[in-house]
Structure formats: structure tokens, C-alpha cells
Amino acid sequence: MFSTVAVDGEVRRWEDLRLHDFAQGFFFGAGFFTTFRIDSGAPLFLARHLARLRASLAAFPDAVRAPSPALLSDSPVRDTLRRCLHADAALGPDFTGVGKLSVSDGHVLLTFRPTPPDAERLLREGRALDAVEPEAYRRAERTLNHKGLSYFRQFALMERLPVLGNEDGEVCELPTANLFFHLDGALVTPPLDAPCLPGIVRAVLLEMGHVDGLPVVERPVPLARLADASACFFTNSAELAIGVPRLLGRELPGSLPLAERARALIEAVAWREA
């Protein structure tokens, strides 16, 4: 992570932050965050990320102290990001990487990290998914529809990246991404009450309605039906869409081209909104 950060719009250094300014977030996970892709200094889907943060704060008004609404408005956040990039030669105005907004204790913290070193390989080769956690979530668990700072459950599974399921034997998500399956002539993603995070890219694909002629639909996906999937990819805001060339031991040669096409469509929307 880079040393330059911002707190409530003020450019700071990471080493100068004070723990007591974020005590509820640190000790209790009482807060929310969102990560977004930055391409050549432009934050992709920023307005959508800010809207999701505001929605999470509104859903838990008594548990998380919200910052001033102006601190989560599009123009001030863009201005803060721009000033951070210009203040640090290690970032620079054409920075490409990942930004993170964390909200807790009435404050907004903006941090940056570089693009992962294996990002290009991941886009080119995809990522196999070979593990399942069949009862990791409980159906309709409300907190899992929000990206809370209490993220250890997902963080502990990030390396293995298992498919997470609920007590009814249905797919929910990956620890860091939403899932899409080519099933029964459609591109299917689990519903929010599975539960799963209302991912930004997930929402973009659902709004599009079609990818490569496949209707994009939201419906329960039994874990047992994964054996019938002819392609699969996962989505998040940092990587957009990553193909799954092997799913639970089955080769899925259609996944990489499908993910590539989805990624191109997502990028087109991102730049229209940027």
C-alpha cells in the first residue's frame, strides 16, 4: 500500500493516522469499505461505489457513525483522489491501480494499492475454482449484503478462493467476487438473499441484460447444478471479469472467451460513466 492517504478530504501520510480516530472500525468492524479500479487516474464506477457506501450507512444508522454527506459525494471524492495522486510521485496523475474508501467513526479514509503483479496473467489464463465451502453462509444473512470492515471471514479464504454456499446447498459467492454461470441457456448469478454482496460489476451486467446473446438473470444456483455449467466467470471491481477455466475438476474451455467479452462490455460502461 502507498504511504499517501486522505482522511475526510485532507491529504495525509499513513504513518500519521491516529488509531483513536477509527476506534469503532478497528475494534468492532463498525464500518464499511469499497474498493474500485483506477485506470490512468480515472476512478471507474465511483458514483456507484459511493451510492453503495451511503446505502450501507443508511441500513445501519445506529451502529455506524456516518460522516458528513459531502464527504461521500462524487465531486469531493474525485477532487481528493486527484490531489492524492498529484501529491505523491509514487502514484502520479496517471496512476493505475486500486483505490479503497473506508468509512467508520464519522470519517472517510482513502488509500491506494498497486495492481497485483499477476493481474495480466489472471486476465489471460483465468483462475481455477477447485474448492467449496457448502455451509459458509446462512440464507438472507443481512450483513453479507454490505461490505463491512469486519471482513476476516472472507480474508481467511482469499488464498483458496472456494465457492461459498448456504445451508440450503446453494451457491452464494466467492470470498472476493460474484459468480456467473452459463446454465440452461442463460448467464445466471445467485440472488442477493443467497446471500451475496451487491457487487458493482454484478449490477452492471444485470442492467445490460445480455452478454454474447445470453440473458443475464438472477436466480438460485444449487451447488449440485455446477456440474451442468458450460462456462463460468467471476466479477469484482478491481479485475472486472475473470474466466474460470476449471470448475471443481471440470474443464470449461468456454469460460475465458466469455469472460473476455463480458470484460469488454463492462469497460465500455465504465468509461461512459467515468
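List of remarks:
- Neighbourhood net charge (13 Å Cβ-Cβ; Lys/Arg +1, Asp/Glu -1) for residue 17: -3
- With viscosity 0.692 mPa s and temperature 37 °C, the Kirkwood radius over alpha carbon pairs of region 4-114 converts through Stokes-Einstein to a diffusion coefficient of 234 µm²/s.
- Derived scalar couplings between HN and Hα for region 199-216 equal x, 5, 5, 3, 5, 4, 5, 5, 5, 4, x, 8, 9, 6, x, 8, x, 9 Hz in order, rounded to whole Hz, by the Karplus curve 6.51 cos²θ - 1.76 cosθ + 1.60 (θ = phi - 60°), x for Gly and Pro.
- Taken as Cα centroids, region 2-36 and region 209-268 sit 34 Å apart, rounded to the nearest whole angstrom.
- Residues 86, 20 arranged by fewest to most Cβ contacts within 10 Å: 20, 86
- Computed label-point distance, nm, for sites residue 83 and residue 250 using a 7 Å Cα→Cβ extension: 5.3 nm
- Rounded to 10°, Cα long-axis angle of helix 255-273 versus longest principal axis of the chain: 40 degrees
- The chain: angle of helix 46-59 to the longest principal axis, Cα-based, in degrees nearest 10: 90 degrees
- Charge dipole (the chain, unit charges on Cβ, about Cα centre) - positive-most of 3, 30, 146: 3
- Taking every DSSP bridge with both residues inside the chain, close to 85 percent are antiparallel.
- Near residue 92: Cβ cut-off under 14 Å, other residues only, Lys/Arg at +1 and Asp/Glu at -1. The net charge is -1.
- 3J(HN,Hα) from dihedral phi, region 156-169, Karplus parametrisation 6.51/-1.76/1.60, rounded to Hz, x for glycine, proline: 5, 9, 4, 5, 6, 6, x, 6, 8, x, 10, 6, 9, x
- Under Karplus coefficients 6.51, -1.76 and 1.60, residue-wise ³J(HN,Hα) of region 141-148 in Hz, glycine/proline x: 5, 4, 5, 6, 8, 9, 8, x
- Share of pairwise Cα separations in region 119-273, more than 27 Å, in percent: 14 percent
- Measuring nothing but alpha carbons in the chain and taking Rh as the Kirkwood radius, the Rg to Rh ratio lands at 0.97.
- Kirkwood analysis of region 98-177, using all unique Cα-Cα pairs, places the hydrodynamic radius at 14.8 Å.
- For region 1-109, relative contact order (Cα pairs under 8 Å, six or more residues apart, normalised by length) works out to 42 percent.
Rule-based calculations on the coordinates, nothing more; no lab input. What you are looking at is a predicted structure, and each value in this text was computed from that prediction instead of being measured. Please note: Cβ atoms are built from the backbone with ideal geometry, for glycine as well, and neighbour counts cover all protein chains shown.
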